[in-house]
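Everything below concerns the one structure shown next.
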Amino acid sequence: MTGYQNWHLSEEDHIATLTLNRPEAGNNLTPETLYELSKISKTLGRRRDIWAVIVQGQGKYFSTGIDVDMLKERLDQPEDANRSFLLGLQECMDDFEQLEKPTIAKLHGFCIGGGLILALCCDFRIASQRTVFSLPEVRIGIGVIMGTQRVTRVAGVAATKEMILLGKRFNAKTAYGYGFVHEIVPPDKLDARAAALADRFKNLPPRTVGISKRIINSGQDIPLRESQDLEVDAQMELLGSPDMREALESYLEKREPKFAGE
């Protein structure tokens, strides 16, 4: 699919592949890149024929993080303008994280700073053995601005302090220990493993998967009673839907389901 300057979006058999296409700049994240990510996320959210999304980087790296030149350009801007600007960038990452489809980050090369936060917005993360991770923002005089809590939720407070306050690099094995990646594979197996994981969603009811993701993401920040209300509300969206009927009937008939995304 064309029409984007910083991303390439392709589709095949209900699976979308979203490629960060800035290899000449290490796939860094400019404001325009994030604005496009928000637009793509909203477009994919309306597509009932897309059931899973693989996110990857073109070239040697997944992403080297936020464009440092962009930060230099903001140094002399008024506080209100900078505040509004940064909030807008954060909302772009939020839009992607809230996409009600399973997302799979395929990590290789550098996965640094905002690139790592982008990966943490994905539901699943598969890394090449050679992937290098880092949250180096403190070394250039800034804090994490794309959601520190995304790191803390996965790795815990102590590990997050170690990563962010020291700004050190770490390998895929350490990232796995932090909970950042679900699986580590040899570089030549990365494409096949991500594709195999995405293929598993072809045999699951897409709307149920998406709504379950919403329940998990939203429910972690609210009291138990409210999260249970959320579950009931979500179930009302599914009751009587074609795919729910197909899931039940295929289970009872002991056959493979044929879902339509409805």
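The values are calculated or read from the model by the stated rules, or taken from the named source; none is laboratory data. Nothing here was measured: the structure is a model prediction, and the numbers come from that model. Glycine gets a Cβ as well: all are built from the backbone with ideal geometry, and neighbour counts include every protein chain shown. Heavy atoms of the whole protein, side chains included, go into the accessibility calculation; ligands, DNA and RNA do not. Shrake-Rupley method; radii C 1.70, N 1.55, O 1.52, S 1.80 Å.
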Given the options L238, L252, L44, which has the most mean-square fluctuation in a GNM of the chain, springs set between C-alpha atoms less than 10 angstrom apart?
L252
Relative to the longest principal axis of the chain, what angle (0 to 90°, nearest 10) does the C-alpha long axis of helix 206-219 take?
50 degrees
Here the longest stretch of the chain that holds no trypsin sites (Lys or Arg not before Pro) in a DSSP loop having at most 10 other beta carbon atoms within 10 Å is 47-253
Farthest positive-ward along the chain dipole, Cα basis, beta-carbon charges - from V68, V185, G147
V185
What nm value, rounded to one decimal, do you get for the distance between K202 and Q5 when each label is placed 7 Å out toward the C-beta?
3.6 nm
Accessible-area order for H14, H182, largest to smallest, probe 1.4 angstrom, reads H182, H14
How big is the Rg/Rh ratio for segment 109-150, C-alpha atoms only, Rh by Kirkwood, two decimals?
0.98
In degrees between 0 and 90, to the nearest 10, how far off the longest principal axis of the chain does helix 242-253 point, with axes built from Cα atoms?
60 degrees
Calculate the FRET efficiency for E253 and V157 from the Cβ-Cβ distance with a Förster distance of 41 Å, rounded to the nearest 0.05.
0.25
Would you please give the FRET efficiency between A260 and Q129, computed as 1/(1 + (r/R0)^6) with r the Cβ-Cβ distance and R0 = 41 Å, to the nearest 0.05?
0.60
For segment 174-254: relative contact order, % (alpha-carbon pairs under 8 angstrom, 6 or more apart)
23 percent
Per-q log10 I(q)/I(0), segment 130-201, q = 0.15, 0.22, 0.24 Å⁻¹ (Debye; single scatterer per alpha-carbon; no solvent)
-0.59, -0.98, -1.06
Taking every C-alpha to C-alpha distance in segment 1-129 and binning by 5 Å from 0, the per-bin percentages run 2, 11, 21, 24, 20, 12, 6, 3, 1, 0
To the nearest Å², the heavy-atom accessible area per residue of the chain with 1.4 Å probe amounts to 52 Å²
Cut-off under 13 Å on the C-alpha distance; same-chain residues fewer than 8 positions from K173 excluded. Which aspartates and glutamates are left, in chain and number order?
E183
Quick one: work out Rg over Rh on the C-alpha atoms of segment 89-189, Rh as Kirkwood radius.
0.94
[x] 27, 22, 18; [y] 42, 21, 18; [z] 32, 21, 19, with the label sought being that of the calculated semi-axes √(5λ) of the Cα gyration tensor in Å:
[z]
Keeping the other protein chains in place, figure out the carbon and sulfur percent of the accessible area of the chain, with a 1.4 Å probe.
51 percent
For the chain, what is the mean residue ellipticity at 222 nm derived from helices alone (per DSSP H run of n ≥ 4: -39500 (n - 2.57); sum divided by total residues; nearest 500 deg cm²/dmol)?
-14500 deg cm²/dmol
Calculated on alpha-carbon atoms, Rg and Dmax of segment 104-253 in Å
18.6, 61
Please tell me the relative contact order of the chain in percent, rounded to the nearest whole number, where contacts are Cα pairs under 8 Å and at least six residues apart.
16 percent
In degrees rounded to 10, the 0-90 angle between helix 79-97 Cα long axis and the longest Cα principal axis of the chain is 30 degrees
